[in-house]
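**Q** Pasting a structure here, questions to come.
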Amino acid sequence: MDAPKGPIFQPLYQQIRDLLLERITSGEWSPGTYIPSEAALAASYNVSVGTLRKALNELVEENVVIRQQGKGTSVATHDADRALFRFFNLRRHDGERALPMSLMLSRSVRKATAEEARDLGIPAGAKVIHIRRIRELDREPVMLESITLDAARFAGLDKQPEVLPNTLYQLYQQRFGMTVAHADETIIAICAGKREVELLGVKDGEPLLQVRRIARDYQGVAIERRISAVHTRNYGYFHQI
């Protein structure tokens, strides 16, 4: 019989990091706002400034907060450039980044499939918003995206008459109060089918990458399910570890 597991010890700075994150996720410090100074926070938690700074360093590394020289530390926002270049990982083969543009194909509400419900953590058959769009680089279609969202959390998004922005994560944060903090991705090889041939201009059976992404908030709750078919004739998928 396995011995019972005792409580997991956390260093003090990690405990402070968790307390700071709780205040951010609760909305006490909203995106774009400056948090109190290190000295003030250290005093409020009765810890040293060094311990407080170490906790903040972790949040900086996790892209939760941003240090700005001479101004202080603010909660990170998904402005267009920040959201785009943190989560869009295609680059030209010479290493240069290109600015992607989006073309929406459809936006609808339907019942979630079993796989969608599982990935989003919602009941089977719950309503979801489904978005299909093409991403272009240098005016060339290179990515076909299928995006699924919990309709209950994104109420009204399906009825918005305007064109959806290129950077959806900025929209999620600003309009719905949901911040994509990180994403889990799985990449596999697939062959182009009829839909990819028609929309991406590739050959039938041509090798493509399929990127399956679950975007999550600070607490690990799924916000978005996104499946992308990518042709890499002129571009590669770049990820820095």
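The values are calculated or read from the model by the stated rules, or taken from the named source; none is laboratory data. Because the structure is predicted, anything quoted here is derived from the model rather than measured. Positions of Cβ are generated from backbone atoms using ideal geometry, with glycine treated the same way; all protein chains shown enter the neighbour counts. What goes into the accessible areas is simple: the full protein's heavy atoms, side chains included, and nothing from ligands, DNA or RNA. Shrake-Rupley method; radii C 1.70, N 1.55, O 1.52, S 1.80 Å.
**Q** May I ask you to list the residues in segment 150-168 that are surrounded by 16 or more Cβ atoms within 10 Å (Cβ to Cβ) and under 26 Å from Ala114 (Cβ atoms)?
**A** Asp150, Ala151, Arg153, Phe154, Leu157, Asp158, Leu168
**Q** Count, please, the residues in segment 48-71 that happen to be more than 17 Å from Ser30 (Cβ to Cβ), touching a residue at least 40 places away in the same chain (Cβ under 8 Å) and in contact with an Asp or Glu (Cβ under 9 Å, 6 or more places away or on another chain).
**A** Initially, segment 48-71 is screened for residues more than 17 Å from Ser30 (Cβ to Cβ), giving 48-58, 60-62, 67, 69-70.
Remaining after also requiring touching a residue at least 40 places away in the same chain (Cβ under 8 Å): 54-55, 58, 62.
Within this subset, residues satisfying the condition of being in contact with an Asp or Glu (Cβ under 9 Å, 6 or more places away or on another chain) are 55.
Residues in segment 48-71 being more than 17 Å from Ser30 (Cβ to Cβ), touching a residue at least 40 places away in the same chain (Cβ under 8 Å) and in contact with an Asp or Glu (Cβ under 9 Å, 6 or more places away or on another chain): 1 in total.
**Q** So in segment 109-141, with the set limited to residues that are farther than 12 Å from Arg225 by Cα, outside any loop (DSSP other than H, G, I, E, B) and in contact with a helix residue (DSSP H, G or I) (Cβ under 7 Å, 6 or more places away or on another chain), which one is most open to solvent (accessible area, probe 1.4 Å)?
**A** Checked segment 109-141; the qualifying residue most open to solvent (accessible area, probe 1.4 Å) is Val109.
**Q** Further, regarding this structure: Which residue is modelled with the lowest pLDDT, if the candidates are limited to segment 72-89 and must be open to solvent by less than 40 Å² (accessible area, probe 1.4 Å) and within 20 Å of Ser26 (Cα to Cα)?
**A** Pass one, segment 72-89, residues open to solvent by less than 40 Å² (accessible area, probe 1.4 Å): 72-76, 78, 83-84, 87-89.
Next cut, within 20 Å of Ser26 (Cα to Cα) only: 73-76, 78.
On the way: Thr73: 90, Ser74: 87, Val75: 85, Ala76: 79, His78: 65.
Across segment 72-89, the extreme among qualifying residues is His78.
**Q** Let me ask you something else. Might you let me know whether segment 203-210 holds any residue that is touching a helix residue (DSSP H, G or I) at 6+ places or on another chain (Cβ under 9 Å), of a type in the set (A, V, I, L, M, F, W, C) and open to solvent by 10 Å² or more (accessible area, probe 1.4 Å)?
**A** The answer is no; no qualifying residue exists.
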